[in-house]
């Protein structure tokens, strides 16, 4: 990375109604699909502003080849580790926004699983008047390949789950995944990372026990809980963290708790709080 330098990428984009509608169809939760002019739900700009990389620009893992916007990190596993999103002003479906993205930091570390690199990307979204609407930090982690101590599912399984979110009780929802769901989310977010749809690659090359459920999909599912529970108020800040991955077909539950400071939301996989998949989120409500 000695010769690589961070740069700011700026573009003007439409908050496209089509991928917004595709995600609403994926959730299939009975809520009305946001239409042009409607306020965009929290974090749905990840769908509305998805970027499709050109085929010739892809690396061996399916992502855009490193060394242009993102640094040329020589570690095979890329993970969505979390972030912090401040929502200053509402975004609306069909609006045109200006997006500015830059790599704020690249930090090399050593963890229990070996060498890793933490890349922090900052993105800001401005409306047509130039007012700041969203200020976001995303943390990406690059790690060494792992081993496969167990197998989760197999190519072509499990069966489609229909509606992925099902209410168990107040502020508790089951979250189910299948390969078709992961493929549809990859398409909606223009995410070509092979760990989400290529079972032989995910298990044989990167050493996962199965297809990996997208970190952004888990984060968006957690962010949906206040809407699904009809919680009042506008979300003004979201802090989220992916702590351990969820694999396709593994049972998982979303839990929410109202506190004096806002909402605390968590996903636990079948291993519960002591092991297995885990993601967390806090929301500040205005």
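Laboratory data are not the source of any read-out in this text; all were calculated from the coordinates shown. Just so we're clear, the structure is a prediction, and the values are computed from it rather than from any experiment. As a convention, Cβ positions derive from the backbone with ideal geometry for all residues, glycine included, and neighbour counts pool all protein chains shown.
From least to most packed, judged by other beta carbons within 10 angstrom and beginning with the fewest, 52, 199 follow the order 52, 199.
Spatially, segment 164-183 and segment 28-72 are offset by 21 Å when compared through their Cα centroids.
Just order 58-64, 176-182 by mean Cβ neighbour count inside 10 Å, highest at the front, would you?
176-182, 58-64
If contacts are Cα pairs under 8 angstrom and at least 6 residues apart, what is the relative contact order of the chain in percent? The partial results should precede the final answer.
Working: 623 pairs, mean separation 51.5, N = 286.
Once divided by the residue count of the chain, the mean separation gives 18 percent.
Only helical runs count toward this figure. For the chain, summing -39,500 (n - 2.57) over DSSP H runs of n ≥ 4 and dividing by all residues gives -4500 deg cm²/dmol at 222 nm. Taking the square roots of 5 times each eigenvalue of the Cα gyration tensor of the chain, largest first, gives ellipsoid semi-axes of 27, 25, 18 Å. Fewest neighbouring Cβ atoms within 10 Å first, the residues 206, 104, 13 line up as 104, 13, 206. If you sort the three axes of the alpha carbon gyration tensor as a ≥ b ≥ c, you get a/c of 1.5 or more for segment 155-283 and a/b above b/c, which makes it prolate. Backbone N atoms of segment 56-77 closer than 18 Å to the 7 Å Cα→Cβ label point of residue 120 belong to residues 70-71. Here is the tail figure for segment 93-227: Cα pairs spaced more than 23 Å apart come to 52 percent of all pairs. A straight line joining the Cα centroids of segment 90-107 and segment 215-229 runs 20 Å.
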